[in-house]
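The values are calculated or read from the model by the stated rules, or taken from the named source; none is laboratory data. Please read all numbers here as calculations on a predicted model, not as lab measurements. Reconstructed Cβ throughout: ideal geometry from the backbone, glycine too, with neighbour counts over all protein chains shown. Heavy atoms of the whole protein, side chains included, go into the accessibility calculation; ligands, DNA and RNA do not. Shrake-Rupley method; radii C 1.70, N 1.55, O 1.52, S 1.80 Å.
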Amino acid sequence: MTPPSASKRTARKTAARSKAKNGVKEKTAPKRSGKAGNMSVIKIGQMNKWYGDFHVLRDINLEVYEGERIVICGPSGSGKSTLIRCINRLEVHHKGCIIVNNTELTSDLKNLETIRKNVGMVFQSFNLFPHLTVLENCTLGPIWVHKMPQAEAEALAMEYLERVRIPEQAGKYPGQLSGGQQQRVAIARSLCMKPNIMLFDEPTSALDPEMIKEVLDTMIELAETGMTMLVVTHEMGFANKVADRVIFMDEGQIVEQNEPEAFFNNPQSDRTKSFLSQILGH
Amino acid sequence: MAPQRSQSARGYVAKVSLPALPPPIGTSGLIGWLRQNLFYNLTNSLMTIFTVVLLWLLVSSASGWFVIDAVMQAGSKQECLKIDSGACWAVIGKRIEQFMFGFYPEAERWRPLVCFLLLFVAIGPLLLPSFPARRQMLWFSAIYPVLTGVLLLGGAFGLPPVKTALFGGFMLTLIVGVTGIAASLPLGILLALGRQSKLLAVRTLSVMFIEFMRGVPLITLLFVASTMLNYFLPPGTHFDLLLRVLIMVTFFSAAYIAEVIRGGLQAIPAGQYEAAQSIGLNYWQTTRLVTLPQALKISIPGIVNTFIGLYKDTTLVIVIGLLDPLGIGRAALADANWNGLSNEIYLFVALFFFVSCFAMSRYSLWLEKRLATEHR
């Protein structure tokens, strides 16, 4: 038996599994918003994408409501990352439509800028700017995109750095921080733009078990503020605890989506079943 | 396997927290440094002794010709030989003004001198972030080229005009070198960005420019500047030769700089562009604030390498009749009084270039260190 502190990740997975088996509700789970707002902030219709000849995303239909927390999971190469990267047009879709905050994503740069201002993104590899201090990383967007005065931007950045609990690192460079700290700075950097939607692309996949917890805790706190979140992750414990909806993707398609309880307890498709048994089975 | 040791070490637990002790004698401080660097082991010690002996032999034999037997004051080579057997540095003393200013009119030589002194005031705020009142001084850096132009050429504010054909010596080297360096960096950056542009027309033009400039020897470009350009220009247009040289040298070096910076840009991970885009920065903001500063930092050694090359290549202007320090040296050698003193003259010119280039090299090392944020 692994000691609990050594691998929270395993522990969480075990919890998820046991819950999946017994259907016991976790007491610590934050209140789910359900479909909090009935205003849809993201609407994806019949969306398709190709990489060269390879058909990565096939007929994706998805509607996300304000304040909803969605976890996207699936085997690697299933198109999860590509899907959320299409939402702020880091990837271009070829067919169908994506509407974010009532603006359709097209090649029109004006629309794109408005959308990117309101959609934050956190990457697997943090992607902090290594030549800037933590504080400068956070103030860059507000100063240049929102044209905020420097003092105001710094105050804002410190507020969010406090929220992710690393205000004391503000003067350091990213290279001097641990992976978990870097990822929390990346979250703060996105939040400084005051987005209404946050995208997370496997935010904990490059981290050690101890650091995974600190980042997930930050994300849970963020979820409690009512932020609309789309999270690509393999952290099933997180999905269980926070998500309003879990989406399972395979071969570029959304194969299954459901509330976490039903998703883990009673998966419908065979592919979901085999995926869950693999990811929770150790 | 070491059974006894593992027996005693097994189960070892520190019972008290041990205080930090100073390192053993001879591993730190001056003695430690000497031991680590000069007398680490037998081979290292032998190499040290060998080097010291070699240096001693070199210095003791060279110092005779260079310093001890050298002649500082004399009227001609014959006089030098009568006084002592060493170097005849007197030729440098006699010709120093020509080495500095070429044939710039004697009464007006204060003008290039002022320009030279102001050069430090102009580049200081660009190179040193701790320069006093840097923000305000950058304005001076911006007007410096115009100021220098007016001062050197004259013809305004009551300054008598001076033809560029009279420019020469170190002054010419500095004009061509500094202009080339200052103008080719921004042009090179634009070309590097152009070469990576998504717009096909911009990309094609950049590639054509870079490949053409890089594929032709500088000497050819200088010949084109001095002779062939006349065929392309409408008859009767006067286009100053020095200006043509400046343009050619700038274009030539910009092509190299562009390739160096392109290498730096390609080393920036795609994630940096994506992160910048995801917080809403547009192309120019992303370039200016995120990717270019990092790319330039990586490219510093290559950029300075190119600049040093350019600086020394300014001596090629001699082939189209401009009197750079080597040209002035030749003129001195042609003087019957100083005939045959090529050692002294070429060593002096070499020293000038070495000092300039070594300074650039040290500055780039300092800059690299200052900008290293990864593992501070």
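List of remarks:
- Selection from region B:327-376 of residues that are of a type in the set (Ser, Thr, Tyr) and at pLDDT 90 or above: B:Tyr346, B:Ser356, B:Ser361, B:Tyr363, B:Ser364
- Complete set of residues in region A:131-146 that are open to solvent by less than 30 Å² (accessible area, probe 1.4 Å) and either among the β-branched types (Val, Ile, Thr) or over 22 Å from the mean Cα position of the chain (by Cα) (or both): A:Leu132, A:Thr133, A:Val134, A:Thr139, A:Val145
- Condition broken by B:Pro186, with the remaining ones in (1) modelled with pLDDT of 90 or more; (2) in contact with a Leu (Cβ under 7 Å, 6 or more places away or on another chain) satisfied: (2)
- Among the residues making up region B:73-96, those that are open to solvent by 20 Å² or more (accessible area, probe 1.4 Å) and within 15 Å of B:Ile345 (Cβ to Cβ) are B:Lys77, B:Trp89, B:Gly93, B:Lys94, B:Arg95, B:Ile96.
- Taken over region B:218-243, the residue count meeting the criterion of being within 21 Å of B:Gly168 (Cα to Cα), of a type in the set (A, V, I, L, M, F, W, C) and outside any helix (DSSP H, G or I) is 1.
- When A:Leu199 is tested against (1) crowded, with 24+ Cβ neighbours inside 10 Å; (2) away from chain B (no Cβ under 11 Å), only condition (2) is not met.
- Selection of first residues in region A:258-280 that are open to solvent by less than 90 Å² (accessible area, probe 1.4 Å) and of second residues that are modelled with pLDDT under 90 and among the small types (Gly, Ala, Ser), restricted to Cβ pairs under 7 Å at least 6 apart or on distinct chains, gives the following pairs, ordered by first then second residue: A:Phe264/A:Ala16; A:Phe264/A:Ala20; A:Asn265/A:Ala20; A:Asn265/A:Gly23; A:Leu280/A:Ala16; A:Leu280/A:Ala20.
- Some residue of region B:324-337 being within 25 Å of B:Glu79 (Cβ to Cβ), in contact with a Ser or Thr (Cβ under 9 Å, 6 or more places away or on another chain) and among the polar types (S, T, N, Q): yes
- Count of region A:138-178 residues, restricted to those that are over 22 Å from B:Gln277 (Cα atoms) and in contact (Cβ under 8 Å) with a residue 24 or more places away in the chain, is 10.
- Qualifying residue in region B:321-337 (condition: part of a loop (DSSP other than H, G, I, E, B) and touching a Phe, Trp or Tyr at 6+ places or on another chain (Cβ under 8 Å)): yes
- Test: residue in region A:219-226 that is within 14 Å of chain B (Cβ to nearest Cβ) and open to solvent by 10 Å² or more (accessible area, probe 1.4 Å): no
- The numbered conditions (1) among the charged types (D, E, K, R); (2) surrounded by fewer than 24 Cβ atoms within 10 Å (Cβ to Cβ); (3) at pLDDT 90 or above are all true for A:Glu210 except (3).
- Every residue from region B:244-276 that is open to solvent by 20 Å² or more (accessible area, probe 1.4 Å) and outside any helix (DSSP H, G or I): B:Ala267, B:Pro269
- Hits in region A:225-243 - residues which are of a type outside the set (A, V, I, L, M, F, W, C) and in contact with a helix residue (DSSP H, G or I) (Cβ under 8 Å, 6 or more places away or on another chain): A:Thr233, A:His234, A:Glu235, A:Gly237, A:Asn240, A:Lys241
- The residues of region B:118-161 that are in a loop (DSSP other than H, G, I, E, B) and in contact with a helix residue (DSSP H, G or I) (Cβ under 6 Å, 6 or more places away or on another chain), listed by number, are B:Phe131, B:Ala156.
- Residue count for region B:162-174, restricted to those that are part of a helix (DSSP H, G or I) and open to solvent by 30 Å² or more (accessible area, probe 1.4 Å): 3
- Within region B:277-294, if we keep just the residues that are open to solvent by less than 20 Å² (accessible area, probe 1.4 Å) and among the hydroxyl-bearing types (Ser, Thr, Tyr), the residue that is nearest to the other protein chains (Cβ to nearest Cβ) turns out to be B:Ser278.
- Unique residue being modelled with pLDDT under 90, farther than 17 Å from A:Phe238 by Cβ and of a type in the set (Val, Ile, Thr) when the list is A:Val24, A:Val41: A:Val24
- Residues of region A:214-236 that are under 19 Å from A:Gln124 (Cβ atoms) and either touching a Cys at 6+ places or on another chain (Cβ under 8 Å) or assigned to a strand (DSSP E or B) (or both): A:Met229, A:Leu230, A:Val231, A:Val232, A:Thr233, A:His234, A:Met236.
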